[in-house]
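Novice: One structure coming up, written as structure tokens, with questions to follow.
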Amino acid sequence: MINKLIMTPGPTQVTENVRMARSLPSTNPDLDPAFYDFYKETCEKLSTQMHTTNPFYILSGEGILGLEAACASLTEPGDKVLVISNGIFGFGFADFVAMYGGLPTIYEDSLVNEIDIDKLAAYLKSNHDFKYATIVHCDTPSGVLNDISKICPLLKSYGILTVVDAVASMFGHDINIEESQLDLICGATQKALSAPVGLTVIGVSPDAIYAMENRKTPIASFYCNLLNFKDYYRNKWFPYSMPASDINGLAVALDNVFQDTNSIMRHKKIAKATRKTLVRCGLELHLESGYADTVSVFNVPSITTGEDILERMRVKHNILIAGSFGYLDGKVIRLGHMGENCTYDNMEKTLTALGETLNYLGVSLNEKLEVAFKDFFTRS
Ligand SMILES: *Cc1c(COP(=O)(O)O)cnc(C)c1O
């Protein structure tokens with residue numbers, strides 16, 4: 001595998017100092033008290049970054065583990081759960097809820113727009129008998145971004161707990177857990193943190209802990225049981241041996257985020273310039289509203305195929321971009337501009353190659369993508 005530019009919406013380019021940190025000498029994470037301090041400090045960095053004193057836990061497993069752990073830890077057989085969906089990950093939560101005996105009610109909204117808050121508020125007026133609700137912040141297959149700062153307080157006003165999938169938005173968008181009253185929030189290392197695949201991070205509110213501790217039935221999982229983490233520091237005990245090298249990488253990735261104080265603004269600026277570029281050059285954005293700052297999604301021009309675009313980008317230009325899956329399979333192309341991907345240089349390279357690719361495949365553009373991008377980026 002030689003040095004491809006990985007411009008997908010996760011996994012992303014891995015920062016060099018993160019790669020180096022993963023090769024540091026290791027310890028026995030079960031027996032070394034210093035490791036418990038290190039783990040705790042790393043979790044506290046996550047809390048600080050997301051404006052909360054709620055604890056975070058780091059779980060060994062890719063981001064999907066967080067979604068399942070949230071549902072496993074909250075759901076009791078017969079529990080009613082509202083699954084708020086306008087994308088593939090949104091609908092996917094219903095499976096986790098059902099798997100643990102819950103009764104999901106799917107609340108569906110437009111697949112090309114963000115969740116309409118007024119419509120949701122009207123629905124909740126007569127339908128609010130739910131233990132918790134699930135919502136995806138950035139539903140990556142379409143790139144739609146939902147306003148959790150409005151949705152979660154609204155749910156909370158009915159006493160409904162929230163499970164938020166922020167895997168694709170965390171560190172690309174500012175998230176304020178306290179203000180937005182989020183209960184369980186899931187992230188992962190391989191998106192805007194620019195670390196390799198392998199860890200889930202999950203923030204847990206006191207209300208969520210209360211709900212877990214006051215279940216009538218035990219949590220039907222060991223690996224997904226978040227209560228197993230609650231007293232790790234006091235008891236100096238983890239439910240399983242922690243992947244110390246992965247966490248070394250995560251700690252450095254978090255330091256990178258702390259030091260890069262302009263990161264959220266850069267995501268906003270690059271995302272906006274990318275969207276404007278695509279439109280001005282004659283491509284069609286997939287969404288009508290709710291654009292995420294971490295990924296841009298455009299429809300595959302009818303004259304060519306998604307597969308041909310991806311292949312030429314990979315083979316001729318050594319750049320990986322993404323198609324999508326499910327109902328969007330073959331229909332859209334996704335450019336991931338999150339974390340390490342999200343620099344002017346990386347986007348300029350990617351758009352230059354994309355322009356060549358589209359031109360080669362017979363798609364005529366109004367202007368060179370990289371020229372339009374430079375124009376929008378410098379003007380903004
Ligand atoms: C990436 C991602 C996950 C984790 O899933 P993988 O596709 O297995 O990496 C979960 N939720 C969202 C919204 C994601 O973008």
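Novice: Starting from region 133-161, take each residue that is farther than 17 Å from Glu108 by Cα and away from the ligand (no atom under 12 Å from the Cβ) and list its partners that are part of a loop (DSSP other than H, G, I, E, B) and not β-branched (Val, Ile, Thr), counting only C-beta distances under 6 angstrom and pairs at least six apart or across chains.
Specialist: Pro153/Gln181; Lys156/Gln181; Tyr158/His128; Ile160/Phe130; Leu161/Asp183
Novice: Okay, next question. Quick check: is even one residue across region 71-91 in contact with an Asp or Glu (Cβ under 6 Å, 6 or more places away or on another chain) and of a type in the set (S, T, N, Q)?
Specialist: For region 71-91, residues in contact with an Asp or Glu (Cβ under 6 Å, 6 or more places away or on another chain) and of a type in the set (S, T, N, Q): present.
Novice: May I pose another question? Check region 25-48 and report whether any residue there is in contact (Cβ under 8 Å) with a residue 60 or more places away in the chain, among the aliphatic types (A, V, I, L, M) and touching a helix residue (DSSP H, G or I) at 6+ places or on another chain (Cβ under 6 Å).
Specialist: No, region 25-48 has no match at all.
Novice: Applying the selection to region 177-215, what residues are part of a helix (DSSP H, G or I) and out of contact with any strand residue (DSSP E or B) (no Cβ under 9 Å at 6 or more places or on another chain)?
Specialist: Matches in region 177-215: Glu178, Glu179, Pro206, Ile209, Tyr210, Glu213.
Novice: Which residues, taken from region 55-109, are within 11 Å of the ligand (Cβ to nearest atom), buried (at least 18 other Cβ atoms within 10 Å of the Cβ) and of a type in the set (Asp, Glu)?
Specialist: Selection gives Glu68 alone.
Novice: Give the number of residues within region 164-189 that are touching a Leu at 6+ places or on another chain (Cβ under 9 Å), polar (S, T, N, Q) and surrounded by fewer than 24 Cβ atoms within 10 Å (Cβ to Cβ).
Specialist: Within region 164-189, residues that are touching a Leu at 6+ places or on another chain (Cβ under 9 Å), polar (S, T, N, Q) and surrounded by fewer than 24 Cβ atoms within 10 Å (Cβ to Cβ) number 2.
Novice: Also, I was wondering about something else. Got a sec? Which of Ala322, Ala244, Ala251 is modelled with pLDDT of 95 or more and closer than 18 Å to Lys349 by Cβ?
Specialist: Residue meeting the stated conditions: Ala322.
Novice: Provide a single number: the residues in region 369-380 that are closer than 21 Å to Leu5 by Cα, without any contact (Cβ under 8 Å) to a residue 60 or more places away in the chain and either among the charged types (D, E, K, R) or crowded, with 21+ Cβ neighbours inside 10 Å (or both).
Specialist: 2
Novice: Please specify each residue of region 332-360 satisfying the condition of being over 26 Å from Phe171 (Cα atoms) and exposed (fewer than 15 other Cβ atoms within 10 Å of the Cβ).
Specialist: Residues satisfying the conditions are Asn359, Tyr360.
Novice: While we're on this one: Which condition breaks for Gln13 when tested against (1) modelled with pLDDT under 95; (2) more than 16 Å from the ligand (Cβ to nearest atom)?
Specialist: Answer for Gln13: the failing condition is (2).
The values are calculated or read from the model by the stated rules, or taken from the named source; none is laboratory data. Predicted, not measured: the structure shown is a model, and the values here were computed from it. Note: ideal-geometry Cβ built from the backbone for every residue, glycine included; neighbour counts use all protein chains shown.
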